[in-house]
1. Which residues' amide hydrogens lie under 5 Å from the amide hydrogen of residue A:2, considering only partners 5 or more residues apart or on another chain, with H built in the peptide plane?
2. Restricting attention to the alpha-carbon atoms of chain A, what are Rg (one decimal) and Dmax (integer), both in Å?
3. Cα axis of helix A:96-109 to longest principal axis of chain A: angle in degrees, 0 to 90, nearest 10?
4. Quick one: Cα convex hull volume of chain B, Å³ per residue?
5. Which order, highest average first, do A:180-189, A:166-175, B:7-16 follow once you tally other Cβ atoms within 10 Å for each residue and take the mean per peptide?
6. Peptides A:104-112, A:74-82: what's the order by average Cβ count within 10 Å, highest mean first?
7. For helix A:152-165, what angle does its Cα long axis make with the longest principal axis of chain A, in degrees from 0 to 90 and rounded to 10?
8. Could you work out the helix-only [θ] at 222 nm for chain A, with each DSSP H run of four or more residues adding -39,500 (n - 2.57) and the total divided by the number of residues, to the nearest 500 deg cm²/dmol?
Amino acid sequence: MVTVALDAKAEWAYPFIDAAAPTHPSLIDSRHVTDELFGFTNVPMAVWIDEQGMLVRPAEQATIERSPLRDLDIPEGLPDRMRVMFEQVKAIPDPSEGYREALVDWVRHGATSRFALAPDEVVARSRPLGADEARAAACFELGQEVWRTEGNEAAVPWFREAHRLDPSNWTYKRQAWTFVTTPDGSAEPDLMQGPNDVYEGNWLDDVLAAGGGARYYPPLQL
Amino acid sequence: MLLDSLTVDDGAFATATGWAAKPEGLCKGDVCVPAPGARRDDGALDVTVVADRLGMPLVHDEARGRWALGPATVGGRALTTAEAPDLELPDRDGNPFGLSALHGRKVLVVAWASW
């Protein structure tokens, strides 16, 4: 296994890596190059690569343990916005059991596993990429470069354009929202990514606009 | 791919995009796209020609004199080929690690983020 942190601000990933003390390669993609190379549009997502260096599954929702958030009892008396956010998080599909079984099957049976896809099928199942999505990738890359060299305010127009062109790419949105909703000097990114004065969108309203938590990831086709 | 001019070294282009300039055209895995006029007399690639042939958007940041070349849309999918890219990224300590080091083994690449 190789884990890749899609974090423009790499130091935000450090505490998680340090706590996990991984024995596998744990990499940091501070320029989001794997978004484009594999088609990652959210996290967690994963690809499978066989012994010959061929992808046998494209980027897809990947989890092997049920998130405790799915079974969380929503506390009484929460502000409406917080309650709705919990409801949408609980509605996010949890394919962990099937995904784990598929992964184990591939590890045991390799190319004969029914979950290992033929090359044409891998390509066909990868994310549709049209002119708008490709242009969004270019805008996001420019935005990241400006963010690194000039700061967030100068990068915002490029991030906004990426969001407009590719609204279903949560990686572009969540990365950029976090930059404006995290208090200055915070050691951790803000996970709520709520309404702000910089972007029209925010996590909850965009999830609701996209059809709710149930549609947060492209459907997993095992 | 970020660019400061509209010409690019073919090696840098291949590293960034996975598309290699070959006599038969621009190739990635087993997919080749004819690209007459892509290679200039000085050996560099003409980015505007390459972008047109591969359906790559070329976005210009006029204020900073920089371009960004987006991914190829020729196949209409995020993946043009099932051949995994030869990716190299740093680990927590800044040491580079290439996926090619795991050739011969099954690899699960998991994307996550702090946000």
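Values quoted throughout were computed directly from the atomic coordinates according to the rules given, and no laboratory measurement underlies them. Only a predicted model underlies this, so the values are computations on that prediction, with no experimental measurement involved. Note that each Cβ is placed from the backbone with ideal geometry, even for glycine, and that neighbours are counted across all protein chains shown.
1. Amide H to amide H, under 5 Å and 5 or more residues apart or across chains, residue A:2 pairs with B:108, B:109, B:110.
2. In Å, with Rg to one decimal and Dmax whole: 18.1, 55.
3. Here the helix axis deviates by roughly 40 degrees.
4. Details: hull volume 18.7 nm³, N = 115.
Cα-based convex hull of chain B, divided per residue, equals 163 Å³.
5. Values: A:180-189: 12.6, A:166-175: 21.7, B:7-16: 16.4.
For the peptides A:180-189, A:166-175, B:7-16, the packing ranking is A:166-175, B:7-16, A:180-189.
6. Values: A:104-112: 13.0, A:74-82: 10.2.
Descending mean neighbour count gives A:104-112, A:74-82.
7. Tilt relative to chain A: about 50 degrees.
8. Working: 9 runs with 99 residues, N = 222.
About -13500 deg cm²/dmol.
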